[in-house]
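Since the structure comes first, as C-alpha cells, the remarks are kept for the end.
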Amino acid sequence: MTNIDEKAAAHPIFKSYIPIAEGIAKTIGSHCEVVLHDLTDISSSIVTIYNGHVTGREIGSPMTDLGLAVLRCGKEEKYLLNYPNKTIKGKKIKSSSIIIRDDEGNIVGCLCINLDVTLLSMTGTIINEMINVHEDNEEETFPQSVNDLEKRMIDRAQEKLGKPIALLEKNERIEFIRLLDEMGLFLIKGSINNVAELLNVSKFTIYSYLDKKS
C-alpha cells in the first residue's frame, strides 16, 4: 500500500516536507507515526504517512478534529507540542503538530508526529519526562472516514450540552450549532445538510442558527 499521495506531494510546499517526515519516522522508529496533511483538502488530507499502523490511518483518510478547529479559528501558533491522545484501540499517544503556512501566511497544512508511548508509560516514573504532556490541550481523535469525523464532532458537542439531540430546545440547538461551527464541522462539504437532517430542520434553519450565534 502506498504511503504517499503523488498528486498532493508535487506541491512545492509539501514536497519540501516529505524528506523531513520520512527522516523523523525512520530516526525514531516504528512506534512513531509522522503525517503530512494538506489542509486545502480536509476530506482526504494526508499527503504522506509513515508508520500509519500507530493510528490505523492511510492515504485518503481525513483531517482530525483538532486540525479542523485550528483551521477554523486561524490560530497564530506555529506549532502545538506534546499534547495527549488516544487511538480507538486505546493506545496512549504523545502528539505534536507543526503548522505550515504559505507565503501569505495562510494555513495550508501541518506536519504531525504521533508517538505511541503505551509501553513507555507502563514503565513508570523513570521515563516520565519522555511522556510528559500538556493536559490543558483538548484531546484529538483519528477518524478513518469523513462520516466518522462528523459523528465524533457531533457526539462531542452533544456531550457538552449534556442532553439528547431529540430533546434540545431552540436555544440549545443554536448552542449546538455554535459548538459544531467552532470545531470546524461546517468546513466539511455536505455537513450542513447532514446536521439539518439530524435536527429534522431545513438547511436554511441551520444558516439562520449560524447567523444568530455570530
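Structure notes:
- Here the chain is assigned +1 on the Cβ of each Lys and Arg and -1 on the Cβ of each Asp and Glu. Its dipole about the Cα centre then comes out at about 380 debye.
- Amide H contacts for Asp5 (H built 1.01 Å from N in the peptide plane; partners 5 or more residues away or on another chain; cut-off under 5 Å): Thr48.
- Given 13 as the ceiling on other Cβ atoms within 10 Å, longest exposed-site-free region of the chain for GluC sites (Glu not before Pro) in DSSP loops: 1-75
- Stokes-Einstein D (µm²/s) once Rh is taken as the Kirkwood radius of the chain over alpha-carbon pairs, at 20 °C in 1.002 mPa s: 117 µm²/s
- Whole-Hz couplings from phi, Karplus 6.51/-1.76/1.60, listed for the stretch 22-36; x for Gly and Pro: 5, x, 4, 4, 6, 6, 7, x, 5, 8, 10, 8, 10, 10, 10
- Of Lys94/Lys160; Lys89/Lys212; Lys78/Lys189; Lys94/Lys151; Lys151/Lys212; Lys92/Lys203, pairs whose Cα-Cα distance is over 31 Å: Lys89/Lys212; Lys92/Lys203
- Our coupling estimate for the stretch 88-104, obtained by passing each phi through the Karplus curve with A = 6.51, B = -1.76, C = 1.60 and θ = phi - 60°, is 4, 8, x, 5, 8, 10, 10, 10, 9, 10, 9, 7, 10, 10, 8, 5, 9 Hz, Gly and Pro reported as x.
- Distant-in-sequence amide H partners of Ile100 (H built 1.01 Å from N, under 5 Å): Val108, Gly109, Cys110, Leu111
- Exposed-site-free run, longest, the chain (rule: trypsin sites (Lys or Arg not before Pro); DSSP loop; at most 11 other C-beta within 10 Å): 90-188
- Compared with the direct C-alpha span, the chain from Phe204 to Ala10 gains 65.9 nm at full extension, assuming 0.36 nm per residue.
- Rounded FRET efficiency, nearest 0.05, which uses the C-beta distance separating Arg101 from Gln144 and R0 of 25 Å: 0.35
- Counting only protein heavy atoms and a 1.4 Å probe, the chain has 54 square angstrom of accessible area per residue.
- Distance in nm between pseudo-label sites at Leu119 and Lys78 (7 Å out along the Cβ direction from Cα): 3.4 nm
- Derived scalar couplings ³J(HN,Hα) [the stretch 167-184; Karplus, 6.51 cos²θ - 1.76 cosθ + 1.60; whole Hz; x for Gly, Pro]: 9, 5, 7, 4, 5, 6, 5, 5, 5, 4, 5, 4, 4, 5, 5, 5, 6, x
- Positive-pole candidate from Cys73, Ser44, Asn85, dipole of the stretch 31-102, charges at beta carbon: Asn85
- For the chain, the longest principal axis of the C-alpha atoms and the axis of helix 203-213 are separated by about 80°.
- Amide hydrogen proximity for Glu140: with H placed 1.01 Å from N in the peptide plane, the residues at 5 or more positions away or on another chain lying under 5 Å are Lys86.
The values are calculated or read from the model by the stated rules, or taken from the named source; none is laboratory data. Please read these numbers as outputs of a predicted model, since none were measured by experiment. Positions of Cβ are backbone-derived with ideal geometry, glycine not excepted, and every protein chain shown enters the neighbour counts. These area figures cover heavy atoms from the full protein model, side chains too; ligands, DNA and RNA do not enter into them. Shrake-Rupley method; radii C 1.70, N 1.55, O 1.52, S 1.80 Å.
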